[in-house]
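Here the structure is laid out as structure tokens; the discussion comes afterwards.
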Amino acid sequence: MSFESLGLSAEIMRAVTEQGYSEPTPIQFQAIPVILQGKDVLAGAQTGTGKTAGFTLPLLELLLKHAQGKGRRPVRALVLTPTRELAAQVGESIETYGRHLPLRSTVIFGGVKINPQIQKLRHGVDVLVATPGRLLDHAQQKTVDLSHVEILVLDEADRMLDMGFIHDIRRVLKLMPRERQNLLFSATYSNKIKQLANDLLNNPELIEVARQNTTAETVDQVIYPVDKKRKRELLSHMIGSKNWRQVLVFTRTKHGANRLAKQLEKDGLTASAIHGNKSQGARTRALAGFKRGDVRVLVATDIAARGLDIDQLPHVVNFELPNVPEDYVHRIGRTGRAGNEGEAASLVCVDEHGLLRDIERLLKREISKKVIPGYEVDPSIKAEPVKSGRGGGKAGRKHPGKRANRGRGRGQTSASKRGSRSRPNRMS
Ligand code: AMP
């Protein structure tokens, strides 16, 4: 398998070589030729498989074939992502792979000033990466024109649906020409995804690189049984005794993420929290510090962590198991990326046995368990219901996406729905 056989231009190949990639990953090998043929694609691929380059490289190639002159030009390719972080990540990939091409791209998402985005759009961009809410804000202000879009990519479509973006996506679809190429990437295939694929895709080519809901084989998964009250102590012990230098830790709630980061700091570990209540600047700084190695532990909630791409991240810890079993797969997809070995540790207390069963059922296998001497569980402690962190109720496992619709009354106009103040904060 080589990149040379895929039919990409010399300028794109140069950028690929500069990235140090010697051969395409399986998703790239399968998706690139099909996309270059102009076909619609339904791809089942998790983060870490190289899916971003899998759609970005052929997308740039197609645009390059019909590159337009300088000056103002319409958006010809649109990539929709569920989160700001993923949008930024995809935007960086487009910049990287397109650095020798006469194409322009930009990224737009909420939580930051809109005017600089308007300036960039006015200047003209070929490829636009966006989160749905802010994109619709621009559409409403007529600062973006999607009437010339030739290629649409829905990245992490399952996550977009989980976050309640389906209506926004349908609104965006109406702003584009009917004739276009559609690429839908999703880590899981729920019925909702199948429905969206049916509506959106025209005779799509199906590409799947890992069985759905399987976890990367390079990730070593271990459950560490421990009492809830001793989790923080065990985590500090593990980081210290195993000398882990870069650890991504997941908590269920924003409050929990903040509290844990503070406690770890008290234990002498450099730690930052990343979640949706933090400003975009604070999140970017925390992530940059973590990537540089200045911050040893990054504590994150699920949605905030979606889209983080940290090369060769060796350790992911589930401080608490997620309420939605699929999130476990997404979380540990942060490690063992693109063939690097990783380790995913989950600290599990008696309250979480039900959540663990759900995860094992999804994975269709048991995860191995290790007891750390000195941290054995106290059998007299009884299980208590797991709080979801979304108002203190019991974990809302069946409908994880429903909360995104909170506060959206039926009679709202699209203007009030789009108003940045009235829009619920989707980052948790
Ligand atoms: P993604 O699944 O798109 O988030 O990519 C996961 C990681 O794989 C990123 O860090 C990419 O830089 C890296 N990657 C993508 N394609 C290749 C390749 N062909 N060879 C090695 N690494 C790659």
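Where in the range 215-296 are there GluC sites (Glu not before Pro) that are in a DSSP coil and have at most 14 other Cβ atoms within 10 angstrom of their Cβ?
Of the GluC sites (Glu not before Pro), the ones in loops of the range 215-296 whose Cβ has at most 14 other Cβ atoms within 10 Å are Glu217.
Could you calculate the contour length gain from Thr270 to Glu11, that is, 0.36 nm times the residue separation minus the distance between their Cα atoms, to one decimal place in nm? Walk me through the numbers before you get to the answer.
Values: separation 259, 0.36 × 259 = 93.24 nm, distance 4.13 nm.
Residue separation times 0.36 nm, minus the Cα-Cα distance, leaves 89.1 nm.
Probe radius 1.4 Å, ligands and nucleic acids ignored: give me the carbon and sulfur share of the accessible area of the range 3-208 as a rounded percent. Please report the intermediate quantities before stating the final value.
Details: 4060 of 8420 Å².
Heavy-atom surface of the range 3-208 belonging to carbon and sulfur, 1.4 Å probe: 48 percent.
I'd like the projected area of the range 247-307, averaged over all directions, using the convex hull of its alpha carbons. Report it in nm² with one decimal. The partial results should precede the final answer.
Details: hull surface 14.5 nm².
If I average the Cα hull's projected area over directions, I get 3.6 nm².
Would you mind giving the average projected area, over all directions, of the Cα convex hull of the range 1-92 in nm² with one decimal?
Details: hull surface 27.4 nm².
For the Cα atoms of the range 1-92, the hull's average projected area reads 6.8 nm².
Subtracting the Cα-Cα distance from 0.36 nm times the residue separation, let me have the gained length for Asp294 to Ile381 in nm, one decimal. Don't jump to the answer; show the numbers that get you there.
Values: separation 87, 0.36 × 87 = 31.32 nm, distance 3.82 nm.
Additional length available on full extension: 27.5 nm.
State in Å² the accessible area per residue of the range 5-143; use a 1.4 Å probe, count heavy atoms of protein chains only, and round to the nearest integer.
Numbers: 5330 Å² over 139 residues.
Heavy-atom SASA per residue in the range 5-143 reads 38 Å².
Report the calculated FRET efficiency for Tyr189 and Lys113 (r = Cβ-Cβ distance, R0 = 45 Å), to the nearest 0.05. If you can, show how the numbers build up before the last one.
On the way: r = 38 Å, r/R0 = 0.84.
Efficiency computed from Cβ-Cβ geometry: 0.75.
Taking a threshold of 19 Å on the Cα-Cα distance, which of the pairs Lys39/Lys120; Lys113/Lys142; Lys228/Lys382; Lys242/Lys369; Lys142/Lys174; Lys113/Lys254 fall above it?
Values: Lys39/Lys120 30 Å; Lys113/Lys142 16 Å; Lys228/Lys382 11 Å; Lys242/Lys369 17 Å; Lys142/Lys174 14 Å; Lys113/Lys254 24 Å.
As for pairs spanning more than 19 Å Cα to Cα, those are Lys39/Lys120; Lys113/Lys254.
Tabulate in residue order the Karplus-calculated ³J(HN,Hα) for the range 277-286, using 6.51 cos²θ - 1.76 cosθ + 1.60 with θ = phi - 60°, rounded to whole Hz; enter x for Gly and Pro.
3J(HN,Hα) across the range 277-286, in whole Hz: 7, 8, 5, 4, x, 5, 5, 4, 5, 4.
Would you mind pulling out the separation of the Cα centroids of the range 95-124 and the range 242-286, in Å?
One Cα centre to the other: 29 Å.
Would you kindly state how much longer the chain becomes between Leu363 and Ala282 on full extension, computed as 0.36 nm times their sequence separation minus their alpha carbon distance, in nm to one decimal? The partial results should precede the final answer.
Values: separation 81, 0.36 × 81 = 29.16 nm, distance 3.48 nm.
My answer for the length gained is 25.7 nm.
Name the residues whose placed amide hydrogens come within less than 5 Å of the amide hydrogen of Gln181, ignoring near sequence neighbours (fewer than 5 apart) on the same chain.
Here the answer is Ile151, Leu152, since their amide H atoms fall under 5 Å of that of Gln181.
The values are calculated or read from the model by the stated rules, or taken from the named source; none is laboratory data. Treat the numbers as computed from the prediction; the structure is a model and nothing was measured. Using ideal geometry, Cβ is built from the backbone for each residue, glycine included, and neighbour counts are taken over all protein chains shown. The accessibility values were calculated without ligands, DNA or RNA, using every heavy atom of the protein model including side chains. Shrake-Rupley method; radii C 1.70, N 1.55, O 1.52, S 1.80 Å.
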